[in-house]
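Have a look at the structure below before the remarks.
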Amino acid sequence: MTRESERAAPKVARRQAILGAAGTFGGLWMSTLPASAKSTQANNRLNIGVVGVGDRGGDNLAAVKSENIVALCDVDDTFLAPAAKEFPAARLYRDFRRMMEQRDIDAVVVSTPDHMHAPVTMAALKSGRHVYCEKPLAHTVYEARQVTDEARQRGLTTQLGTQIHAGDNYRRVVEVIRSGAIGVVTDVHVWADRIWTGTGRPTDRPPVPSTLVWPLWLGVAPLRPYNPVYLPATWRGWWDFGGGTLADMACHHVDLSNWALELGPPISVETEGPTLLAENTPAWLIAHYQFAATRVNPAISLTWYNGGKRPPQFATGELPAWGDGTLFVGETGMLLADYGRYVLLPADQFVGYVPPAPSIPASIGHHREWIEACKNHGQPRPLCNFDYGGPLSEKVLLANVAYRSGKKLEWDSASLCARGCPEADAFIRPHYRRF
């Protein structure tokens, strides 16, 4: 740690985001944080604080800038300085805990690396703020459940950053699937070609940039020396900070089938992938989920692929050239979709097909849904609120638990445990460092 970093890192012994003496997950934030004041201005604009203002954080900041941006927090001045110039009235912070003490904040936008999603979000919820959080909702399954429960108990307005959910195409696909156009769906394939991985822990020790407070960037993650290989987005390839391509992309793509088929928790998850690396997420992964039959659907199999792996229908020529996407396999046909289009297959079977009349209203905008609900006592409720986005994040993160434990998970959602697989517990729950 550099001397500058030591000076910048605050003394926080009395307000730790650490949960229990052994660093296991208990309560996410101390009760001494001040509750936020009711501070929405007379012009009906929210007072928003933003944690993480670079990369995705910059996009989210731009999406809420119609409101009063009263606080900006980032551990790196490379990002904080230009944001401060754009919003000169905002108070500036490097430590999100200090930002939570600013009483005039109504709502918080969280755009940190994954390992800090739950600590920051829980701090905001416990201090009475509405929250918009980037996907996945948390770094671990247990955190996702705890954050979801906290938001529900407090009656706060939330939204998960699955921005594509607001697009018209997803709405039309949901309507087509639910209309029975391809019959009963029993099989879904979802894939993304992006790769996030790494090559172990670097051994060189370059100096920490003067703009960066490295201990605060690490947050609850285990201590390790700074290295530029982790920043600004490549942290996704390290288990301590992210969850690889699965955690980065599956909330966007699995969202479509989760919505259309109203999927509950899986009953089992097992994976295929390369040899497990202690430090790094896999270059490719195939995850097989099984969902029990419900009053809405029969039993459903969902398979996730990343890193160049794809469903077998591509190899057999049943599918056209396509990028990332989702394939629904029904009794009488298939539907292939991505963010902005869908096709029914085989094409000759659906010549002249007329889709159902739209029944899901157009979104006013993913961020705007959240903003308006914050101002109007939670109504209309954002579609990707944490009651939806939390369980979606749990599903996604479970595949990493299965991969890292090396076993098929027989999942008990109510108890948040894998039956007969105690090895999974280490990956279901977080282990926080005091910082």
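The values are calculated or read from the model by the stated rules, or taken from the named source; none is laboratory data. Values in this document were obtained by computation on a predicted structure and should not be read as measured data. Cβ sites come from the backbone with ideal geometry, for glycine too, and all protein chains shown count toward neighbours. Remember, those area values only see protein heavy atoms, side chains included, never the ligands or the DNA or RNA. Shrake-Rupley method; radii C 1.70, N 1.55, O 1.52, S 1.80 Å.
Here are some notes:
- On inspection, residue 65 does not qualify as of a type in the set (Lys, Arg) and not in a loop (DSSP other than H, G, I, E, B).
- Here residue 236 meets each of (1) open to solvent by less than 30 Å² (accessible area, probe 1.4 Å); (2) in contact with a helix residue (DSSP H, G or I) (Cβ under 8 Å, 6 or more places away or on another chain); (3) assigned to a helix (DSSP H, G or I) with one exception, condition (1).
- Residue check, residue 220 at pLDDT 95 or above and closer than 22 Å to residue 140 by Cβ: yes
- Selection count, the stretch 161-180, where residues are closer than 21 Å to residue 121 by Cβ and out of contact with any Asp or Glu (no Cβ under 8 Å at 6 or more places or on another chain): 1
- Number of positions in the stretch 259-276 that are crowded, with 18+ Cβ neighbours inside 10 Å and part of a loop (DSSP other than H, G, I, E, B): 3
- Candidates in the stretch 321-336 are the residues that are open to solvent by 50 Å² or more (accessible area, probe 1.4 Å) and closer than 19 Å to residue 351 by Cα; of these, the one that is nearest to the chain's Cα centre (by Cα) is 331.
- Any hit, the stretch 398-415, residues being under 30 Å from residue 218 (Cα atoms), assigned to a loop (DSSP other than H, G, I, E, B), among the aromatic types (Phe, Trp, Tyr) and in contact with a helix residue (DSSP H, G or I) (Cβ under 9 Å, 6 or more places away or on another chain): no
- Number of residues in the stretch 101-121 that are within 14 Å of the chain's Cα centre (by Cα) and touching a residue at least 60 places away in the same chain (Cβ under 8 Å): the value is 10.
- The listed residues are 391, 361, 356, 382, and the only one of them that is open to solvent by 30 Å² or more (accessible area, probe 1.4 Å), within 26 Å of residue 249 (Cα to Cα) and assigned to a loop (DSSP other than H, G, I, E, B) turns out to be 361.
- The residue that is farthest from residue 147 (Cα to Cα), among those in the stretch 369-380 that are of a type outside the set (Asp, Glu) and in contact (Cβ under 8 Å) with a residue 40 or more places away in the chain, is 375.
- Selection status of residue 55, open to solvent by 10 Å² or more (accessible area, probe 1.4 Å), within 26 Å of residue 143 (Cβ to Cβ) and modelled with pLDDT of 95 or more: no
- Residue 256 fulfils the conditions (1) surrounded by fewer than 19 Cβ atoms within 10 Å (Cβ to Cβ); (2) aliphatic (A, V, I, L, M); (3) part of a helix (DSSP H, G or I) except for a single criterion, (1).
- Test: residue in the stretch 210-228 that is over 26 Å from residue 430 (Cα atoms) and in contact (Cβ under 8 Å) with a residue 40 or more places away in the chain: yes
- Residue match in the stretch 83-100 (condition: within 18 Å of the chain's Cα centre (by Cα), in a loop (DSSP other than H, G, I, E, B), of a type outside the set (A, V, I, L, M) and closer than 24 Å to residue 366 by Cα): no
- The residue that is farthest from residue 374 (Cα to Cα), among those in the stretch 110-127 that are among the small types (Gly, Ala, Ser) and outside any loop (DSSP other than H, G, I, E, B), is 118.
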